[in-house]
Amino acid sequence: MKTVKILSLTLVMSIFCAGMTFAQQQNQNQQQPKKAVHQKEQRVQQTKQTAEERAQKQVQMMKDSLNLTSDQVTKLQAVQTQFNKDKEQAGADKTSAKTDMKAKKDAYDAQVKTILTPDQYQKYQAQHSKKMKSGDAKQGKAMKKAVKENKNLTKDQK
């Protein structure tokens, strides 16, 4: 009789532990898609920003990292806004977008170089190349490719 009680108690405990393990695995699986959805929402929100809003955000980050003067901020704001507008326009016009944007990017870099001090420009280039080597640029290219192929896009994104 005592052995039956021990065996049944062991069986109940085993079932309880298995149920708890299964419940934890389900909870983890449900949390991962939420994170991916949140990241997609952030990207969509980012694309809804105007050229001026993006420029303001970009110049603010440059101001913080490069210790820009107010005069430099004003000049960079104008240059960055124009460059963002050029990128939007190039995105709408696919015919000569790649070569045209290369020339506009070179012109943008030349303008930035005239605004920043040599030390600031060197630091700017280092930050930019670090960003390009990280996943930021690759994610942008992947998003553009997905848009091009119309894969996995919601109706709002199309």
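Could you order the peptides 109-119, 53-63, 6-16 from most to least packed, using the average number of other C-beta atoms within 10 Å per residue?
Output ranking for 109-119, 53-63, 6-16: 53-63, 109-119, 6-16.
Stretched out straight at 0.36 nm per residue, the stretch from residue 132 to residue 100 would grow longer than its current Cα-Cα span by 9.5 nm.
Near residue 58: Cβ cut-off under 12 Å, other residues only, Lys/Arg at +1 and Asp/Glu at -1. The net charge is +2.
For residue 68, no residue 5 or more places off, or on another chain, has a built amide H under 5 Å of its own.
Throughout, read-outs are computed from the coordinates displayed, never taken from laboratory work. Just so you know, these numbers come straight off a predicted model, no measurement behind them. All Cβ positions, even for glycine, are placed from backbone atoms using ideal geometry, and neighbour counts span all protein chains on display.
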